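*Asks:* Just passing along the structure, written as structure tokens.
Bear in mind that the values in this text are calculations on the coordinates, not laboratory data. For clarity, every value in this text was computed on a predicted model and none was experimentally measured. When we count neighbours, we look across all protein chains shown, and the Cβ atoms used for this are built from the backbone with ideal geometry, even at glycine.
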Amino acid sequence: MKIEKWEKQVDEVVDKYRERDAECDIFFKNVIDDFDKDFSILEIGSGTNYILGYLQKKGFTKLIGIEASINRVLHGVMDYPDIPTYCCYLKDYDFKYHLDVIYTYSALFLNKKDICKFIDKTTCKYFGCFENFKIVKFNVDKELKKFGYTKIDDRPVRHRGIKWFKRND
Ligand SMILES: C[S@@+](CC[C@H](N)C(=O)[O-])C[C@H]1O[C@@H](n2cnc3c(N)ncnc32)[C@H](O)[C@@H]1O
């Protein structure tokens, strides 16, 4: 049986992982050193949990995902069995546990009402997002300001889609 095809695909997959690790490095660059290792961290729209898996590799243990797609959750559970993931829509998640960090990565197309509702329910210290704000017409800075958050991370143009906020004490 010829395995060249599969060998090539492994390279592609590994390259993809490397690219994604580099993406995660950029996303967390200006904040990760301020996160305690025992922070509770939630990703909204966590997909197959790749980013949460990245944080696990960095030593964080209290990680949670919310993901509406059952197929993505099942993949995530197989790859990262120690990361609990709620298979539900954001609007149905019960914010009863304390969270220190919440972020979304390419999932901010969730509507404005949902975002405001969850921010209102949580007292999380850090909120981060990556989005193409030219496409997603949502003034996240203005909305978070209403809930006492200040932008802490101003990036150069090529990383402008990344925004991190911290709640004022
Ligand atoms: C572009 S993907 C990004 C996945 C992940 N953040 C990553 O970068 O690997 C957006 C994800 O958000 C999920 N999603 C979209 N709307 C959602 C909602 N209202 N509640 C929960 N998950 C949602 C989708 O199912 C999808 O997996």
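*Asks:* Name the lysines eligible as straight-distance cross-link partners of Lys8: C-alpha to C-alpha under 16 Å, and not fewer than 8 places from it in the same chain.
*Replies:* Excluding near neighbours in sequence, the set is Lys16.
*Asks:* Just from its helices, what would the mean residue ellipticity at 222 nm be for the chain, if runs of 4 or more DSSP H residues each count -39500 (n - 2.57) and the sum is divided by every residue, rounded to the nearest 500 deg cm²/dmol?
*Replies:* Rounded to the nearest 500, the figure is -11000 deg cm²/dmol.
*Asks:* To continue, here is another question. Once fully extended, how much extra length lies between Asn139 and Asp79, figured as 0.36 nm per residue of separation less the alpha-carbon to alpha-carbon distance?
*Replies:* Result for the pair: 18.1 nm of gain on full extension.
*Asks:* Now a separate question. Give the separation of the Cα centroids, segment 24-82 to segment 87-146, in Å.
*Replies:* 15
*Asks:* Okay, next question. How big is the antiparallel share of DSSP beta bridges in segment 4-167, given as a percent to the nearest 5?
*Replies:* 35
*Asks:* Now for a separate question. Mind ranking 30-40, 158-168, 49-59 by how tightly packed they are, going by the mean number of other C-beta atoms within 10 angstrom, highest first?
*Replies:* Going from most to least packed, we get 49-59, 158-168, 30-40.
*Asks:* If you don't mind, there's one more thing I want to ask. Under a point spin-label approximation (7 Å from Cα along Cα-to-Cβ), what is the Ser40-Lys91 distance to one decimal in nm?
*Replies:* Placing both labels 7 Å along Cα→Cβ, they lie 2.4 nm apart.
*Asks:* In which sequence would Val157, Val101, Val77, Val140 go, from the one with the fewest C-beta neighbours within 10 Å to the one with the most?
*Replies:* Going from sparsest to densest Cβ surroundings: Val157, Val77, Val140, Val101.
*Asks:* Continuing with the same structure: When a/c reaches 1.5 or more, the comparison of a/b and b/c decides; with that in mind, is the chain rounded, prolate or oblate per its Cα gyration tensor?
*Replies:* prolate
*Asks:* Something else about it: Just need the relative contact order of the chain here, percent rounded to a whole number, with Cα pairs under 8 Å and 6+ apart.
*Replies:* For the chain, the relative contact order is 17 percent.
*Asks:* Using 0.36 nm per residue of separation minus the Cα-Cα distance, give me the extension gain between Ile152 and Asn132 in nm, one decimal.
*Replies:* Computed gain between Ile152 and Asn132 is 5.4 nm.
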